[in-house]
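The values are calculated or read from the model by the stated rules, or taken from the named source; none is laboratory data. Remember, predicted model here, so these are calculated numbers, not experimental data. A quick note on method: Cβ atoms are made from the backbone with ideal geometry, for glycine too, and the neighbour counts reach across all protein chains shown. In case anyone asks, the SASA skips ligands and DNA or RNA and just uses the protein heavy atoms, side chains included. Shrake-Rupley method; radii C 1.70, N 1.55, O 1.52, S 1.80 Å.
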Amino acid sequence: MKTNYDVAIIGGGIIGCSIAYYLAKEKIDVAVFEEKQIASKSTRAAAGMLGAHSECDDFEIFYPFARSSQLTYFDLKDELRELSGVDIELRKGGIFQLAFSEQEKEELSATLSLPTVSWYDSVEMRNRENAVSSNIFGAAYIEDDVHVLPHSTCLAFSKCAQIYGASIFEYTPVFAIQKEDSIYIIKTNKGAFQAKTVVVANGVWSSSFFHQLGLHHTLSPVKGECISVSSVQPLLKHTLFHEHCYIVPRNNGRLVIGATMVKNDWHEQPTLGGLESLIAKAKTMLPTVTDLKIESCWAGLRPQTFDKKPFIGYHPEDEGILFATGHFRNGILLAPATGQMIRDLIVKQEVKKEWIDAFKVNRF
Ligand SMILES: Cc1cc2nc3c(=O)[nH]c(=O)nc-3n(C[C@H](O)[C@H](O)[C@H](O)COP(=O)(O)OP(=O)(O)OC[C@H]3O[C@@H](n4cnc5c(N)ncnc54)[C@H](O)[C@@H]3O)c2cc1C
């Protein structure tokens, strides 16, 4: 078994797999070590919205970074399908971000000033989506905030990375990273591997590697619960979004309702209370949702940093170690831009200074 690589990536979620894809495409010899299966954790739980506009709370850093990632997806979907045969199911349709009062419309004013966002009053909105609540005041329509299937997207990144030469080790937890001279020893249940560079990308579980590597950063879990329901006739063409709750239409009439925000809960099972709150919120947007049949429910842990921005960059004292973690509510959206940024740092290509500063590990 080959045990020597240029780059070792810890974590086979969407962030680790996107990085592997972009590095392998540059002919860099890369291996991903995943404790369970590819895309089995937060990535699998996600709704897959690419909410560059609807999730935007910072127009100077988050928006340009998220928008560049979102635009990358529009080209990636064909590239990934042609190479891997996996359809990431990027569907057009976009999001209606609902307002139930004049004041809620006011709160959307910054979003409404962004390109590709327009206002629909209640009548126009209900002409587009006639099952939506008659109580709505109107909605911001965001054409480009489309969605993908997160699990398929992560698998597509991983398959394409393998086609470009990457090695993917599933069921291979990394226990420790040690430095010997200028080489890193990656200790796993399958023995020791060596790499010139290590990327820590294991989501909310990254804290232990920060600590092993002499840093005090901690990621905290924000549990999110979702329900999938089915209807015989498709009820929605667009995603509905209000106060962090959304209803995302998938293929075959399925709707995904998400997601709760439960801080510091490490349990990966949904609770009845969580599901009850989701159903109540979904009903305010789409009253007939309660008639639909439950298909499944699940939960995942969003990796949150102290300022809710990801860590993407070098260890402050060691350029052989990079972190790409803490993507919180937007890891699916930000995966391509993160993969490209880590690639550019490793191959020493230019990266925008404002992104380096905003996401650097020692930004306290
Ligand atoms: C309910 C919910 C809905 C969401 N909806 C959206 C959305 O609509 N849009 C969006 O952009 N984002 C969404 N997110 C957020 C998104 O899912 C995350 O930001 C993203 O998945 C983080 O990806 P990751 O690769 O960092 O982490 P993960 O997907 O958690 O991957 C980390 C991987 O590391 C592995 N690992 C852990 N420790 C080790 C170790 N020691 N050795 C080897 N491997 C290890 C784990 O097994 C795991 O597979 C949502 C999240 C949740 C929970």
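Computed values, structure above
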quantity: Accessible surface, 1.4 Å probe, highest first, among residues His211, His217, His267; calculated: His267, His211, His217
quantity: Length added when fully stretched, Asp307-Glu124, from 0.36 nm per residue minus Cα-Cα; calculated: 62.1 nm
quantity: Percent antiparallel among DSSP beta bridges (both partners in the chain, rounded to 5); calculated: 75
quantity: Nearest-ten-degree value, helix 272-285 long axis tilted from longest Cα axis of the chain; calculated: 50
quantity: Region 212-268, dipole about Cα centre (Lys/Arg Cβ +1, Asp/Glu Cβ -1), debye to the nearest 20; calculated: 220
quantity: Rounded accessible area of Glu26 (nearest 10 Å², 1.4 Å probe); calculated: 90
quantity: Links that overshoot a 27 Å alpha carbon limit, given the list Lys223/Lys360; Lys2/Lys25; Lys2/Lys308; Lys190/Lys223; Lys36/Lys263; calculated: Lys2/Lys308; Lys190/Lys223
quantity: The chain: angle of helix 331-346 to the longest principal axis, Cα-based, in degrees nearest 10; calculated: 30
quantity: Cα→Cβ-extended label distance, 7 Å offset, between Gln178 and Met1, nm; calculated: 1.8
quantity: Phe175 - accessible surface, heavy atoms, 1.4 Å probe, Å² rounded to 10; calculated: 120
quantity: Extension gain (nm, one decimal) between Glu350 and Asn135, 0.36 nm per residue minus Cα-Cα; calculated: 72.4 nm
quantity: Residue of Pro303, Pro316, Pro249 that the Gaussian network model of the chain assigns the largest fluctuation, springs spanning Cα pairs under 10 Å; calculated: Pro316
quantity: Protection proxy ranking, peptides 77-87, 159-169, average beta carbon neighbours within 10 Å, highest first; calculated: 159-169, 77-87
quantity: Pairwise centroid distance, computed over Cα atoms, of region 133-205 with region 28-96, Å; calculated: 11
quantity: Overall Cα dimensions of the chain - principal axes, largest extent first, Å; calculated: 67, 40, 39
quantity: Per-pair calculated FRET efficiency, R0 = 30 Å: Asp291 and His211 via Cβ, rounded to 0.05; calculated: 0.05
quantity: Asn189-Arg363 FRET efficiency (beta carbon distance; Förster radius 41 Å; 0.05 resolution); calculated: 0.75
quantity: Contour minus Cα-Cα distance for Glu82 and Gln162 (0.36 nm per residue); calculated: 27.4 nm
quantity: Computed [θ] at 222 nm, deg cm²/dmol, the chain (DSSP H ≥ 4; -39,500 (n - 2.57); rounded to nearest 500); calculated: -9000 deg cm²/dmol
quantity: Euclidean distance of C-alpha centroids, region 238-262 and region 2-19, integer Å; calculated: 31
quantity: Degrees between helix 62-84 axis and first principal axis of the chain (Cα, 0 to 90, nearest 10); calculated: 80
quantity: Accessible area (Å², 1.4 Å probe, nearest 10) - Asp181; calculated: 150
quantity: Estimated FRET transfer efficiency when R0 is 25 angstrom, pair Asp58-Asn264 (beta carbons, to 0.05); calculated: 0.60
quantity: Antiparallel DSSP beta bridges within region 1-155, percent to nearest 5; calculated: 75
quantity: Residue of Gln304, Gln70, Gln178 that the Gaussian network model of the chain assigns the largest fluctuation, springs spanning Cα pairs under 10 Å; calculated: Gln178
quantity: Listed residues Phe100, Phe241 arranged by accessible area, highest first, probe 1.4 Å; calculated: Phe100, Phe241
quantity: Point-to-point label distance, Ile279-Asn252, nm (Cα→Cβ direction, 7 Å offset); calculated: 2.3
